[in-house]
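Accompanying notes for the structure given below.
The values are calculated or read from the model by the stated rules, or taken from the named source; none is laboratory data. Source: prediction; values computed, not measured. Counting neighbours? That spans all protein chains shown, and the Cβs are built from the backbone with ideal geometry, glycine included. For the accessible areas, the whole protein counts, side chains as well, though only heavy atoms, and no ligand, DNA or RNA atoms are used. Shrake-Rupley method; radii C 1.70, N 1.55, O 1.52, S 1.80 Å.
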Amino acid sequence: MKVQANLKEIQKNISEACAKAGRDPKEVTIIGVTKYVSVERADEAVEAGVNHLGENRIEGLKEKSNELSSKDVIWHFIGSLQSKKVKHVVNEFDFLHSLDRLSLAKEINKRAEQPVSCFIQVNTSGEASKHGLAPTEVIDFVQKLQEYPQIQIIGLMTMAPLTDDEAALRDTFRQLRLLRDNVQDLKLSYAPCSELSMGMSNDYGIAIEEGATYIRIGSNLVG
Ligand SMILES: *Cc1c(COP(=O)(O)O)cnc(C)c1O
């Protein structure tokens, strides 16, 4: 399928989910996750109008951002990031979705040439295989980030459990939204925390109903 056709279908689903929740579709940004596909396919997404792209590996991010440097692309790093790799990549993306420890914040703070927009990754499902802070750790973590002026907390990110159980998915996304509201209530200048990065190909409709502002779509868009 052409990316254009996939995108149309996704936009229709976004509109429907927004209508259900009384939200404006303009509040939802699609991040095209291009980690599985070629530069050509990523370019097709950009040409179709998707100007936010996400990669989960440094090599993938560098390759695509170099090849597509003439295009107006906003880059999201959505994979886990080793502290020792920060210096190679921190000035190459616009958003980081996987901030999950103070040692990483410290390294970013040291290496970044300008403030970095970060999502804190939260392990809402409690699955050991997933990265991210436990929900109960988030508030304390945010407060400790005060030491690192190059870190801007723009929101929270989660990966839902792999399940078709709609109630479980909804519960996961709602939990992230309530936690986001709690961080916002701290009213910290470095943590406006207005955004929610949640929802992938299988679950973005429910994520939008529960407040997602960035959805990360790979297989349904470019697969
Ligand atoms: C791969 C990936 C996605 C996209 O997954 P799809 O199910 O293909 O839409 C979203 N978020 C993260 C963090 C990923 O690694």
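Kindly report the accessible area of segment 2-222 per residue (heavy atoms of protein chains, probe 1.4 Å, no ligands, DNA or RNA), in Å².
Computed with neighbouring chains in place, this is 47 Å² per residue.
What FRET efficiency would be calculated for the residue pair residue 27, residue 202, taking the C-beta separation as r and a Förster radius of 30 Å, to the nearest 0.05?
E between residue 27 and residue 202, to the nearest 0.05, is 0.90.
Tell me, what ³J(HN,Hα) does each residue in segment 184-200 have, in order and in whole Hz, if you take phi through Karplus 6.51 cos²θ - 1.76 cosθ + 1.60 with θ = phi - 60° and put x for Gly and Pro?
After applying 6.51 cos²θ - 1.76 cosθ + 1.60, I find 4, 5, 5, 6, 8, 5, 8, 9, x, 6, 9, 10, 10, 9, 7, x, 10 Hz.
Given only helices, namely DSSP H runs of n ≥ 4 each adding -39500 (n - 2.57), what is the per-residue ellipticity at 222 nm of the chain, to the nearest 500 deg cm²/dmol?
Taking each H run of at least 4 residues, the total per residue is -12000 deg cm²/dmol.
Going by accessible area, probe 1.4 Å, with all protein chains left in place, what is the ranking of 163, 213, largest first?
My answer, sorted largest first, is 163, 213.
If I take R0 = 35 Å and measure r between the Cβ atoms of residue 129 and residue 16 in this structure, what FRET efficiency does the formula 1/(1 + (r/R0)^6) give, to the nearest 0.05?
0.65
By per-residue mean of other Cβ atoms within 10 Å, what is the highest-first order of 167-179, 16-28, 95-107?
Result, highest mean Cβ count within 10 Å first: 95-107, 167-179, 16-28.
Cα centroid distance between segment 30-103 and segment 185-223, in Å?
16 Å
So between residue 164 and residue 114, what do we pick up on full extension, going 0.36 nm a residue minus the alpha carbon distance?
13.9 nm
All other residues with a Cβ under 12 Å from the Cβ of residue 173 taken together, and with Lys, Arg as +1 and Asp, Glu as -1, what is their net charge?
Taking every other residue near residue 173 into account, the sum is -1.
Could you run the Karplus curve 6.51 cos²θ - 1.76 cosθ + 1.60 with θ = phi - 60° over segment 160-167 and give me ³J(HN,Hα) per residue in whole Hz, x for Gly and Pro?
Running phi through 6.51 cos²θ - 1.76 cosθ + 1.60 with θ = phi - 60° gives 6, x, 7, 7, 9, 6, 4, 5 Hz.
Over the chain, with every protein chain in place, what whole percent of the accessible area is carbon and sulfur at 1.4 Å, could you tell me?
Roughly 45 percent of what the probe reaches on the chain is carbon or sulfur.
By accessible area of protein heavy atoms, probe 1.4 Å, what ranking do 72, 43 get, highest first?
Sorted descending by solvent-accessible area, the residues read 72, 43.
So who's got an amide H within less than 5 Å of the one on residue 52, skipping anything under 5 residues away but keeping other chains? H placed 1.01 Å off N, in plane.
Counting only residues 5 or more places away or on other chains, the set is 32, 74.
Sort the chain into rounded, prolate or oblate with this rule: let a ≥ b ≥ c be the square roots of the eigenvalues of the Cα gyration tensor; rounded if a/c is under 1.5, and if a/c is not under 1.5, prolate when a/b is larger than b/c, oblate otherwise.
Here the chain falls in the oblate category.
Calculate the all-directions average of the projected area of segment 26-65's alpha-carbon convex hull, and give it in nm².
Directional mean of the projected Cα hull area for segment 26-65 stands at 2.9 nm².
Would you mind computing, in nm to one decimal, how far apart the modelled labels at residue 102 and residue 188 are, each placed 7 Å from Cα along Cα→Cβ?
Taking the simple label geometry, residue 102 and residue 188 are separated by 1.1 nm.
Extension gain residue 9-residue 36, at 0.36 nm per residue separation less the Cα-Cα distance, in nm?
Working it through step by step, the gained length comes to 7.7 nm.
Give the percent of DSSP beta bridges with both residues in the chain that are antiparallel, rounded to the nearest 5.
Roughly 0 percent of the DSSP beta bridges within the chain come out antiparallel.
From a point 7 Å beyond the Cα of residue 71 in the direction of its Cβ, which residues of segment 85-114 have a backbone N at a distance under 16 Å?
Those under the cut-off are 94.
Could you give the dipole magnitude of segment 2-222 about its Cα centre, charging the beta-carbon of Lys and Arg +1 and that of Asp and Glu -1, in debye to the nearest 20?
Result for segment 2-222 is approximately 460 debye, rounded to the nearest 20.
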